[in-house]
Amino acid sequence: MTRHDLRDDLRATLTLALPAVAQSLLQTLVFLADRFFLGHHSAAALAAMQVAGPLTWTLQSVFGAFGVGTLAVIGRAVGAGDRRLAASALYGSLIPAVGLGLVVGIGGFIGLDLLIDLLGGGGSAAVHGESARYLGVVLPAMPLLFVAMVCTQGLQAGGDTRTPLAIALATNALNLALNAVLIFGRFGLPRLGARGAAIANVSALALEASLSLLALSRPGASVSLRFDGPLDVRDGMRRVLRVSRGAFGERTLYHTGYLVYVRITNGLGPVAMAAHQALLSLESVSFLSADGFGVAAGARVAQRLGADDPRGARRAGWIAAASSASLIAVVAVGLYLGAEPLLRVFLDDPAAVREGVRAMLPGAAVQVPMALSIVLLQSLRGAGSTREAFAIAVLGSFVMRISATLFFVRVLHLGLAGVWLGSGADWIVRAGLSAWRWQLGRWSRVKV
């Protein structure tokens, strides 16, 4: 491997990663704006996001696991120049996206009050009410979310991260504008609080799904819904679901553990809940930036394997991981040094600010392990090695996160700082395990 090869790989990785990072940062902007608006609307509205946010993210991640198969199968098809398989896999992903979206949306809406109580939102009538108003709008829109996710991953698997960025610019602008109007009741409209944020979110999702489907309807593209010739949608769906099974198990375990983690956090009371939500808002800059590099890594790995280049696939994963870690290290220093003023952007309560400042040190310290694990796990998924990712999730997210958080919070009584120490233990374990498995290289022999 020459220096020229490394330079070419870095350029190819950054070409894919930077638009994906920009798209993720746009999502971060909307996430932060949601919390900013809701935090200044009422403390209950912001605390409600500590219930509604983890729940919607869990549903999105667990039931969107078939998107892992979309990325792996379409990416390999593009690398091999097989447009028929790419189109078959795309249709084979959209069909379960709609079906699962309907099941999840209807089921979640029916069990709304139970879900809020399970996550600890029942302790405050105000928080419960705001959570219900938000989720009552967002849950029925799950089909829109799942379709938009599959379309985005289809475009990214084909090496197109610029179109999703352009779509994100339009949809996030709509979301921000509607947030400002509906949460506070501008232009004579009623103040809707959390429900207004939900309406803004769903409106943006509808636009994103529509524009993404339109982008995938371009004839002649490497990944397109328009293909001249017969498609084997059943085979495409079978391939996607076969790869996605491991991802579904991984995410189910991860988010089961995460919801237990949320329940422990919410048991610390409304002040800690608000502080935790503000910290998550700040950490989202790191998390979603790393996720952007993960998108590039997964697509590059899948395409290199499709072109029968396992060495190039291994190199692509490491380059994306190193690039992500370098960026996130700078972000982590900024978060730690600017902890108090940054938290005051989201929090008016001095007690919540103090709680957040105490938890910032362990939070900032594990940003680099978090970045490494996100990118390398996405590289494993892009290779179709979802069983390895599943095993890492069991040991890190499920075993380590829950046990460490319980120890720091319930035994050492460290409060919110203990919550973030528990999260850090999880990220460190996952980073070590994912680096070991990636270097071992067994993922290169997985068939999709």
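The values are calculated or read from the model by the stated rules, or taken from the named source; none is laboratory data. Quick caveat: nothing in here was measured; it's all calculated off a predicted structure. Every residue, glycine among them, receives a Cβ derived from its backbone with ideal geometry; neighbour counts consider all protein chains shown.
Residues considered: Leu112, Leu182. Of these, the only one that is farther than 24 Å from Gly69 by Cα and touching a Lys or Arg at 6+ places or on another chain (Cβ under 9 Å) is Leu182. Looking only at residues in the stretch 180-200 that are surrounded by fewer than 23 Cβ atoms within 10 Å (Cβ to Cβ) and not hydrophobic (A, V, I, L, M, F, W, C), the one that is farthest from the chain's Cα centre (by Cα) is Gly188. Looking at Ser212, Ser203, can you tell me which residue is over 17 Å from the mean Cα position of the chain (by Cα), among the small types (Gly, Ala, Ser), assigned to a helix (DSSP H, G or I) and more than 30 Å from Ile116 (Cα to Cα)? Answer to the check: Ser212.
Determine whether Arg133 is over 17 Å from Ala45 (Cα atoms) and basic (Lys, Arg). For Arg133, the condition - over 17 Å from Ala45 (Cα atoms) and basic (Lys, Arg) - is not met.
Of the residues in the stretch 149-170, how many are free of Cβ contacts under 8 Å to residues at least 12 places away in the same chain and among the hydroxyl-bearing types (Ser, Thr, Tyr)?
The first filter runs over the stretch 149-170 and keeps only residues free of Cβ contacts under 8 Å to residues at least 12 places away in the same chain, leaving 166.
Pick out the ones that are also among the hydroxyl-bearing types (Ser, Thr, Tyr) and you get none.
Here the count works out to 0.
Right, Leu90: of a type outside the set (Lys, Arg), under 22 Å from the mean Cα position of the chain (by Cα) and modelled with pLDDT under 85 or not? Criteria not met by Leu90.
Flag set for Ala278, criterion: within 26 Å of Leu29 (Cβ to Cβ), in contact with a helix residue (DSSP H, G or I) (Cβ under 9 Å, 6 or more places away or on another chain) and surrounded by 24 or more Cβ atoms within 10 Å (Cβ to Cβ).
Just to be sure before I move on: is Ile199 within 17 Å of Asp34 (Cα to Cα), aliphatic (A, V, I, L, M) and at pLDDT 90 or above in the structure I sent? Considered against the rule, which asks whether it is within 17 Å of Asp34 (Cα to Cα), aliphatic (A, V, I, L, M) and at pLDDT 90 or above, Ile199 comes out as yes.
Assigned to a loop (DSSP other than H, G, I, E, B) and hydrophobic (A, V, I, L, M, F, W, C) - does that describe any residue in the stretch 330-340? No, the stretch 330-340 has no match at all. Taking the listed residues Gly53, Gly105, Gly92, the one that is assigned to a helix (DSSP H, G or I), of a type outside the set (Ser, Thr, Tyr) and either crowded, with 24+ Cβ neighbours inside 10 Å or free of Cβ contacts under 8 Å to residues at least 12 places away in the same chain (or both) is Gly92, with no other qualifying. For the stretch 290-312, the candidate set comprises residues that are among the hydrophobic types (A, V, I, L, M, F, W, C) and under 15 Å from Ala77 (Cβ atoms); within that set, the residue that is surrounded by the fewest Cβ atoms within 10 Å (Cβ to Cβ) is Ala307. Checked against (1) in contact with a Phe, Trp or Tyr (Cβ under 9 Å, 6 or more places away or on another chain); (2) hydrophobic (A, V, I, L, M, F, W, C); (3) not in a helix (DSSP H, G or I), Val448 passes all but condition (1).
Name the single residue that is nearest to Glu355 (Cα to Cα) among those in the stretch 269-328 being in a helix (DSSP H, G or I) and among the charged types (D, E, K, R). Across the stretch 269-328, the extreme among qualifying residues is Glu283.
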